[in-house]
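Notes to accompany the following structure.
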Amino acid sequence: MKILVGLFVFAVLNTGAFFTPLSAQDERPADKEVLINTLELFPSYESVARWFFQRFGPTMDENLVRFAKDPRGWYVYEIRPGKPDHIYNKQQVWSLDSLAYRMTNYRPVESTEEARENFYKFTDRQQARLYRIHPFYGYTGWDMDVIYNLGHLKNLPDTLLYGLARAYGNYGLSIIRHQYQYSESEHKPAGYEKVSEDRLNFFVQNMNKALECYEELTIRFPEFNTIVGPIHIKRNNEIMFVWHVLHSIKEPQLAKKYLEMADYDPFTISIARNHLASVSPNGLLFSYGDNDSYPLWYLQQTEGFRTDVHVINLSLLNTAWYIAMVKEDLEGSGKPGLISFKETDFEEGRMDVLYYLTDVSSTAMMDVDSMTAALRAGEHFSEVGREQIITVLPSNHFRVPVERGRALASYDLSEENRLLLEKELIWRTPRSYFIRTELMILDILANNNWRFPIHFTTSGDHRYFVGLENYMAIHGFSYKLVPAAMPERNRSFNNMFVNPAASYEYYMEHFSFEYQGEHTAENNSFAAEMARRTRAHTGFIASVLMSRNEKDSARKLLNHIHEAIPGKAFPFDHFALSHTELFLQLDQEQKAIPIMEDIAKQQMKTLENLHNTPANHPQVDQVQQEMEQARNIMNALIQLSQIYDLPHLHKEYEDFMQKISH
């Protein structure tokens, strides 16, 4: 095996003192067959993590354990909170040379329970997926290792080609800024500013190579699914990513050339249209990821659709350059004064994270605009040790006034909301800290003063509601911040409020789901996710319509959605469970039964496949969670079949559960 190791380039973590990296020119990269065969020898991320945590834990309780897979094997290392670039105690835990695990000097675990806790504390599915995609990952320089070893090869398998595309993208962006994990460059990260011609050319050359890989994937493996969905969506998102980065370094003419390369399919465009159509006139729409941002920007740029809506990506709003970019865009589009911070306010990592003084948080209250003014003036900063400056706020209890006249004139409120308008919003955030993104949401909220309606797409984490859940309402294909006390009859069974009239109008008159024959749950994960989310949210809306005794509207809405998203192409899963009971309440048994049968079929299959899982299975806890969820869903179906007098289904489901329990 030693000869195989010599076929790889080795780039290590940025530890400085531990190893001396080998130069890519010192070794010859492997040919395709040797490389593929050698990569198959590496154990999986899950296997390495489980082996390690069964024996070891972090050397200090506050340290975080991370793993790296490079051309010589698997490594373990530690980082400390607040200092992710400082790496400690890096050691090899599995060697390609010996094909064996290696003991480390990490602290031995004292119990099986401690080992299990550490495994679930320091590992997650997202990380596992990234290690499956990239042949090498988890350290600064992984992208260069991937490019060196794969970049000269032709006709790569789909996953390796995908990993190579991502490596080119990461490597190209690193010359501009360190937007992703494990990224480094000799250049200072660019703000919202032009860069040198050399840096621009480096970025464009590597991004073009990434796009060539995505294009090859689209042609050779058209059904290949990526993290964001089918490969054709990822390819177009990557084009729009280049477009966006070029705008962020003030190269609009070059950016336009990439915009012309994008060609999203009709289904993705229909979903983008849904997002924008659900926003009130002249509104702000906070988005979260790729699929609820890039297609929306594309639609606005190419078709001029709903250009009155300003789409702000929350994942990027944590960065100073994007805050500056959004601020300029808002000023230029007739929405001035929404962001009070400047790019320089965040130098040296200031306000990356903001903490609360928990001993006074229950009594003190802060006006949000006063808080942001104090932060801009340099207040609330505390030094920790010699290197770190943190922001400590006196409270997590906030207040924002509601100017009645402006809210009534500009905020597009329903008649019901107008009658229940609050004088001020008073709330607490549920956590002991928040990140810069949440600070910017609060800044925009305070400065907006109810001039422009604020919406969130439905795809993200509710943490970004910053504690304002009681003022959020489902508004068609989005959530809308409403400065009103909402009646309990507008609260759905999932505890979310609903704007029933606006949501009903949106789905009946504007919603579209333009799937083609090839877009099914089986081969289009993005379409499947949109089907699930739409069914779940229309279930919430219909339940509120029922509680308001608007049964005819509830019936029309449910039937409309079931025609738009047929069960044949998108089988019903537990996200449609609410539709079952609603149809039964509406005396539409013929609509309810197929949904119940689809859901039961899936849950039965899950339980049959998993119920004999051995206790020592490496993912036994995850298996048990999946089985518990399947049992709960089956019990809900049993209960529904009993309440609504469906004896044949009741017997079938009960018999199955009795059989599977033995």
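The values are calculated or read from the model by the stated rules, or taken from the named source; none is laboratory data. On a predicted model such as this, the values are computed, not experimentally measured, just so you know. Glycine gets a Cβ as well: all are built from the backbone with ideal geometry, and neighbour counts include every protein chain shown. Quick note on the areas: whole protein, heavy atoms, side chains included, nothing else; ligands and nucleic acids left out. Shrake-Rupley method; radii C 1.70, N 1.55, O 1.52, S 1.80 Å.
Assorted remarks:
- Accessible-area composition of the chain, carbon plus sulfur, in percent [1.4 Å probe]: 48 percent
- Summed side-chain charge close to Q625 - residues other than Q625 whose Cβ falls under 15 Å, Lys, Arg +1, Asp, Glu -1: -1
- Length gained when the stretch D31-Q253 is fully extended (0.36 nm per residue, less Cα-Cα span): 75.9 nm
- Cα centroid of the range 242-309 to Cα centroid of the range 111-166, whole Å: 30 Å
- Vicinal HN-Hα couplings computed from phi for the range 420-429 (Karplus, 6.51 cos²θ - 1.76 cosθ + 1.60; Hz; Gly/Pro x): 10, 4, 7, 7, 7, 9, 10, 7, 10, 7
- Charged-residue dipole, Cβ positions (Lys, Arg, Asp, Glu), the chain about Cα centre, Debye nearest 20: 340 debye
- Largest-first ordering by accessible area, 1.4 Å probe, given options H187, H134: H187, H134
- When only alpha carbons are used to place a centre, the range 417-455 and the range 28-64 end up 44 Å from one another.
- Residues in the range 169-207 reached by a label modelled at R220 [backbone nitrogen below 20 Å; 7 Å Cα→Cβ]: 169-170, 206-207
- Ligands, DNA and RNA are left out, and with a 1.4 angstrom probe the accessible area of the chain is 44 Å² per residue.
- Around R376: net Lys/Arg minus Asp/Glu count, Cβ-Cβ under 10 Å: -2
- With a cut-off of 15 Å on the backbone N, the residues of the range 489-507 near the modelled label site 7 Å out from H560 along Cα-Cβ are 499-507.
- Pairs spanning more than 21 Å between alpha-carbon atoms, out of K194/K335; K234/K342; K154/K257; K32/K69; K605/K651; K209/K257: K194/K335; K234/K342; K154/K257.
- Y101 accessible area, assembled protein chains, probe 1.4 Å, Å²: 80 Å²
- Taken along the Cα-to-beta-carbon direction at a fixed 7 Å, the label points for A364 and V228 span 4.1 nm.
- Normalised Debye scattering of the range 30-186 at q = 0.09, 0.14, 0.15, 0.18 Å⁻¹ gives log10 I(q)/I(0) of -0.31, -0.73, -0.83, -1.14, counting only Cα atoms as equal scatterers and leaving out solvent.
- When peptides 544-551, 528-535 are sorted by average Cβ neighbour count within 10 Å, with the highest value leading, the order is 528-535, 544-551.
- Per residue, the average separation of C-alpha pairs within less than 8 Å and at least 6 apart gives the chain a relative contact order of 8 percent.
- In this view, the solvent-accessible surface of F305, computed with a 1.4 Å probe and all protein chains in place, comes to about 50 Å².
- Separation of alpha-carbon centers, the range 605-662 and the range 457-482, rounded to whole Å: 33 Å
- Projected label distance in nm at R548 and E348, using a 7 Å step from Cα toward the beta-carbon: 5.4 nm
- Net lengthening on full extension, Y433/E331 (0.36 nm per residue, minus Cα-Cα): 33.8 nm
- The slack in the chain from N635 to S44, taken as 0.36 nm per residue of separation less the alpha-carbon distance, amounts to 209.2 nm.
- Over all other residues within a Cβ to Cβ distance under 15 Å of A473, the charged ones net out to -2, with Lys and Arg as +1 and Asp and Glu as -1.
- When volume of the Cα convex hull per residue in Å³ is calculated for this entry, the matching label among [x] 435; [y] 171; [z] 181 is [z].
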